[in-house]
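Written below as structure tokens is the structure these notes are about.
The values are calculated or read from the model by the stated rules, or taken from the named source; none is laboratory data. None of these values were measured; they are calculated from a predicted model. Cβ sites come from the backbone with ideal geometry, for glycine too, and all protein chains shown count toward neighbours. These accessible areas exclude ligands, DNA and RNA; they are computed on the full protein's heavy atoms, side chains included. Shrake-Rupley method; radii C 1.70, N 1.55, O 1.52, S 1.80 Å.
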Amino acid sequence: GDAGLVAIDNCRFTLKRIEEGLELLAKDTKAFESFQFMNRAMWLQRTKSIFAENVRRGAEVHYDEFDTPANRSWRPFQIAFILLNLPGVTKLDHSERGVGPEALADLLFFPTGGGKTEAYLGLSAYTMALRRLQGVVAGRVGDEGVAVLMRYTLRLLTIQQFQRATALICACESIRRKALEHGDKRWGNTPFRIGLWVGRKTTPNRTEDAVEAIKQARGNQFVGGGVGTPYQLTACPWCGSAIEAGKHLEAQTYPQGSGRTLTYCGDKFGQCLFSKRQADGEGLPVVVVDEEIYRRLPTLLIATVDKFAQMPWKG
């Protein structure tokens, strides 16, 4: 009997947290605007991802075919997870934050393919939007710096996960850019970016290593074993166009150049938001070289545990 009572108590406590999330949306305009931003961003993330995947497979498709209610709806557990976390994410003095006994870490337990990723990407989108609306907090600027940190053990981080998260950042960026075009500066002047911070066997540590890897790709040479490459996306997460290492990647070392390694969408007609034609000097909002991650802190950082382990040992 005791186990049953404990479970019911936990359910009641969770329900209370979900209701608090709903109350917050009714009262706090910044929270509500961020919630709207999240829903729009996730709608785009889902529909564009499905569309891009079909294009990548060579299907003759149009985006509108995938922009249907079935592809842009929350599952009950996803929206519940988001709502119960809103107060703790929004109020900087909330008891669920901090180090006391009330401090919480929520575990989302669901089988593979059940939609966990979308649930925490949604919460990420909310957090990223809210930071920009909250502006300066305790002397720190909301537009800059890392807002969300995702940690993976290396074997669980798949390129598909990076693509899904990149599609979300593309969605956030498309909303921010469209708003700016209409003179709406709410979402800031700094692009939303995603960083991939993993071991040097996967991605380069320095921009000059990236320059070298791209040169080798252009000459069709095999990139030397054991050294990473900036070529992490083989297709654009937004439109599905192929990305070729030798053609669509550019790297410039600092101080002569921008100190950036850029990945452009390979759309040959320049219709994609992230093609060279529409995003010159920025490309897709991805940062995959360690040195560049430290210089331009991405809004969302996907990192592996080994990178954290080395932090105390590296200046």
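Tabulated data
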quantity: Net charge contributed by nearby residues that have their C-beta within less than 11 Å of residue 77 (K/R +1, D/E -1); calculated: +1
quantity: Under DSSP loop assignment and at most 14 Cβ neighbours within 10 Å, longest GluC sites (Glu not before Pro)-free interval of the chain; calculated: 145-243
quantity: Whole-percent carbon and sulfur share, accessible surface of region 24-87, 1.4 Å; calculated: 53 percent
quantity: Mean Cβ count within 10 Å, highest first, over the residues of peptides 199-207, 127-135; calculated: 127-135, 199-207
quantity: Under 5 Å, built H, 5+ apart or other chain: amide partners of residue 260; calculated: 252
quantity: R0 of 30 Å, Cβ-Cβ distance residue 314-residue 160: FRET efficiency to nearest 0.05; calculated: 0.55
quantity: Within the accessible area of region 142-300 (1.4 Å probe), percent carbon and sulfur; calculated: 50 percent
quantity: Accessible surface, per residue, of region 68-176 when the full set of protein chains is kept, probe 1.4 Å, Å²; calculated: 50 Å²
quantity: Karplus-derived 3J(HN,Hα), 6.51/-1.76/1.60, for each residue of region 123-135, Hz, glycine and proline x; calculated: 4, 5, 4, 4, 4, 5, 5, 4, 4, 6, 6, 6, x
quantity: Under-5 Å amide H pairs with residue 150, H placed in peptide plane, nonlocal only; calculated: 301, 302, 303
quantity: Long-range amide H partners of residue 265 with built H, under 5 Å; calculated: 275, 276, 284
quantity: Region 265-280 - phi-based ³J(HN,Hα) in whole Hz, Karplus 6.51/-1.76/1.60, Gly and Pro as x; calculated: 5, x, 4, 6, 9, x, 7, 6, 4, 10, 7, 4, 5, 9, 9, 4
quantity: Solvent-accessible heavy-atom area per residue, rounded to whole Å², over region 203-315 at 1.4 Å; calculated: 49 Å²
quantity: Sites matching chymotrypsin sites (Phe, Trp or Tyr not before Pro) across region 88-154 that sit in DSSP coil, with at most 11 neighbouring C-beta atoms within 10 Å; calculated: 109
quantity: Chymotrypsin sites (Phe, Trp or Tyr not before Pro) within region 172-269, DSSP loop, no more than 10 other Cβ atoms inside 10 Å; calculated: 222, 269
quantity: Helix-only CD estimate at 222 nm, as mean residue ellipticity for the chain, using -39500 (n - 2.57) per DSSP H run (n ≥ 4); calculated: -14500 deg cm²/dmol
quantity: Rounded to 10°, Cα long-axis angle of helix 2-27 versus longest principal axis of the chain; calculated: 70 degrees
quantity: Top of 229, 253, 47 by mean-square fluctuation, Gaussian network on the chain, Cα under 10 Å; calculated: 253
quantity: For volume of the Cα convex hull per residue in Å³, calculated from these coordinates, the label among (1) 202; (2) 270; (3) 177; calculated: (3)
quantity: Estimated distance in nm for a label pair at residue 149 and residue 108, the labels positioned 7 Å out from Cα along Cα-to-Cβ; calculated: 1.9 nm
quantity: Angle in degrees between helix 207-218 and the longest Cα principal axis of the chain, rounded to the nearest 10; calculated: 60 degrees
quantity: Those trypsin sites (Lys or Arg not before Pro) in region 1-61 that DSSP places in a loop and that have at most 10 other beta carbons within 10 Å; calculated: 57
quantity: Helix axis angle, 76-90 relative to the chain longest principal axis, alpha carbon, degrees; calculated: 90 degrees
quantity: Per-residue HN-Hα couplings for region 241-258 [Karplus 6.51, -1.76, 1.60; θ = phi - 60°; Hz; x = Gly/Pro]; calculated: 4, 5, 10, 10, 4, x, 10, 10, 9, 9, 9, 10, 7, 8, x, 5, x, 7
quantity: Considering only the chain, percent of DSSP beta bridges that pair antiparallel, nearest 5; calculated: 35 percent
